[in-house]
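Structure first, then comments.
The values are calculated or read from the model by the stated rules, or taken from the named source; none is laboratory data. As the structure is a computational prediction, the values presented were derived from the model and not from experiment. Note that each Cβ is placed from the backbone with ideal geometry, even for glycine, and that neighbours are counted across all protein chains shown. To get the accessible areas, we keep the full protein, side chains included, count just its heavy atoms, and leave off ligands, DNA and RNA. Shrake-Rupley method; radii C 1.70, N 1.55, O 1.52, S 1.80 Å.
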Amino acid sequence: MSSEGKKLFNIIILGVSFMFIFTAFQSCGNIAQTVITNLNNTDFHGSGYTSMSIIYGVLSASNLISPSLVAIVGPQFSMVVSGVFYSLYIAVFIQPATWAFYTASVLIGIAAAVLWTAQGNCLTENSDENTIGRNSGIFWALLQFSLIFGNLYIYFAWQGKTHISESDRRTVFIALTVISLVGTVLFFLIRKQEDTKAPGDDDSTNEILGESSSARNKMMRAVAAFKKSITLSFTKEMLLLSVTTAYTGLVLTFFSGVYGTCIGAVNRFGSEEKSLIGLSGIFIGVGEILGGGIFGLLSKKSRSGRNPVVMLGILVHFIAFYLIFFNMPNDAPIAPMEGTDQIAYMIPRKEVAMLCSFLLGLGDSCFNTQLLSILGFLYSEDSAPAFAIFKFVQSICAAVAYFYSNYFLLQWQLLIMVIVGFFGTITFFTVEWGAAAALAARGSDYSSI
């Protein structure tokens, strides 16, 4: 197999592995609050929103050290160990205990930081300036198939149910745990890239992720990775992109946890309200996959750069937020176990709810594929620290959003996303114009996203 073929194989395996792991985890996150609501009349007293807030809070802090950990053990082994912790978190729901639930939330926060830092490093190692857009799209599309499979099962398994039984819960989470473990094992298929740098090249990637096995050199790489993360954090481009990244964190919280809870709480959806959570996840996944395919796999056909894609993303999201505001009751995110009988400005319609799910996924893919692409382009030699900063900002904003989701009515959550999304789009445009100027200065054709 040629070098280029090997790199493409690695990207596909990376995407498929993440697809399996996040089929389990995202399905878990989508139904966690609904399941927990049905448990809170037992000895279990946990909150899905609080758990997710812990996860993303720990994740954000752990990104300060994740480049150093990846530097020491390597991206492949980092992803394998992280995948095991994802599986343990999901397994907690088979027989929930409050202490185990929150302990697992802390552990998976650390694992997630390492997993996504290693993912960014692996994606960049197997890409170059001409393929980063394509590879970002392939990875993102494969990853988002995770929203289809798990939620499809939930839709059919929970159709017509207004209460989730112990047997239903155990069956779902045993299956999700096994699926997560399959994805973890697949990481072993990723093939190591040969070093093509000439001896003596001054390359910061070699400095951070070199091949020496000595403890001293590993420690030096770990320290160098930490210093590089701090340095990159205060560059103009990273500070501007952090606003865009913050928006993706807020949206991540909304579509992966809050919106499904809103749908499940609307009593006017009748006996379909719980199964519609799964159907919503499917439509989000369709939007994500469509966006990843169009703006990643077909990126070579665009000569306008990343900005039009991001503009489309924010317009699609604004339409979704407007429709959600009219379709969903304001108290839906914080409704009790009995649900809510309130209405917004129209009688809630499941067709509108599913359309909004699709638009949320499509808009999210616009932002994330372009962020992955521009980070891989700007920081090709410092990929691990750059992607660690990306996940740090995204996860800390997701943690904040999960926290206030316990208290804020729907209208205020939507308003926060509109404001941050507007400014995040402007800052992304600024960085992209700078990237276009850099390409022009090098005499390269500005023809790929």
* Within segment 5-23, how many residues turn out to be of a type outside the set (S, T, N, Q), touching a Phe, Trp or Tyr at 6+ places or on another chain (Cβ under 7 Å) and under 20 Å from V84 (Cα atoms)? -> 4
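Criterion first (open to solvent by less than 30 Å² (accessible area, probe 1.4 Å), at pLDDT below 85 and of a type outside the set (G, A, S)) does R306 satisfy it?
yes
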* Give segment 83-114 a look and list any residue that's open to solvent by less than 10 Å² (accessible area, probe 1.4 Å) and touching a residue at least 40 places away in the same chain (Cβ under 8 Å), or say none. => G83, Y86, S87, Y89, I90, F93, F101, S105, I108, G109, A112, A113
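So that you can scan it fast, the table gives a plain yes or no per residue for (1) more than 18 Å from T261 (Cβ to Cβ); (2) outside the structural domain of G46 (by the TED database); (3) open to solvent by 10 Å² or more (accessible area, probe 1.4 Å):
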| residue | (1), (2), (3) |
| --- | --- |
| A386 | yes, yes, no |
| K391 | yes, yes, yes |
| A398 | no, yes, no |
| S405 | no, yes, no |
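In the set S78, S82, S66, S87, which member is modelled with pLDDT under 90 and among the polar types (S, T, N, Q)?
On the way: S78 fails: modelled with pLDDT under 90; S82 fails: modelled with pLDDT under 90; S87 fails: modelled with pLDDT under 90.
Exactly one residue qualifies, and that residue is S66.
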* Structure fact -> Subset of segment 359-403, residues within 19 Å of N307 (Cα to Cα) and β-branched (V, I, T), comes to T369, I374
* Answer residue from segment 133-176, given it is outside any helix (DSSP H, G or I) and modelled with pLDDT under 70 and is farthest from V92 (Cα to Cα) among those -> G160
* Structure fact -> Subset of segment 43-73, residues in a loop (DSSP other than H, G, I, E, B) and crowded, with 18+ Cβ neighbours inside 10 Å, comes to G46, S47, N63, I65
* Scan of segment 209-257 for residues that are at pLDDT 80 or above and β-branched (V, I, T), ordered by number -> T235, V243, T244, T245, T248, V251, T253
* F423: under 21 Å from R134 (Cα atoms), part of a helix (DSSP H, G or I) and either in contact (Cβ under 8 Å) with a residue 12 or more places away in the chain or assigned by the TED database to the domain that holds L123 (or both), yes or no? -> no
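Can you tell me which residue within segment 368-410, out of those that are in a helix (DSSP H, G or I) and of a type in the set (S, T, N, Q), is farthest from the chain's Cα centre (by Cα)?
Step one: filter segment 368-410 for residues in a helix (DSSP H, G or I), giving 368-378, 383-404, 410.
Those left that are additionally of a type in the set (S, T, N, Q): 368-370, 373, 383, 394-395.
Working: N368: 8, T369: 11, Q370: 14, S373: 15, S383: 17, Q394: 9, S395: 9 Å.
Looking at residues that are in a helix (DSSP H, G or I) and of a type in the set (S, T, N, Q), I get S383.
Looking at segment 22-42, which of its residues are hydrophobic (A, V, I, L, M, F, W, C) and either open to solvent by less than 10 Å² (accessible area, probe 1.4 Å) or at pLDDT 80 or above (or both)? Show your work before the answer.
Of the residues in segment 22-42, the ones hydrophobic (A, V, I, L, M, F, W, C) are 22, 24-25, 28, 31-32, 35-36, 39.
Hits for segment 22-42 are F22, A24, F25, C28, I31, A32, V35, I36.
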* Is it the case that segment 340-356 has a residue that's open to solvent by less than 10 Å² (accessible area, probe 1.4 Å), part of a helix (DSSP H, G or I) and at pLDDT 85 or above? -> yes
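May I ask you to say which residue of G313, G292 is part of a helix (DSSP H, G or I) and at pLDDT 80 or above? Steps first, answer last, please.
On the way: G292 fails: at pLDDT 80 or above.
Selected residue: G313, the only one of G313, G292 that is part of a helix (DSSP H, G or I) and at pLDDT 80 or above.
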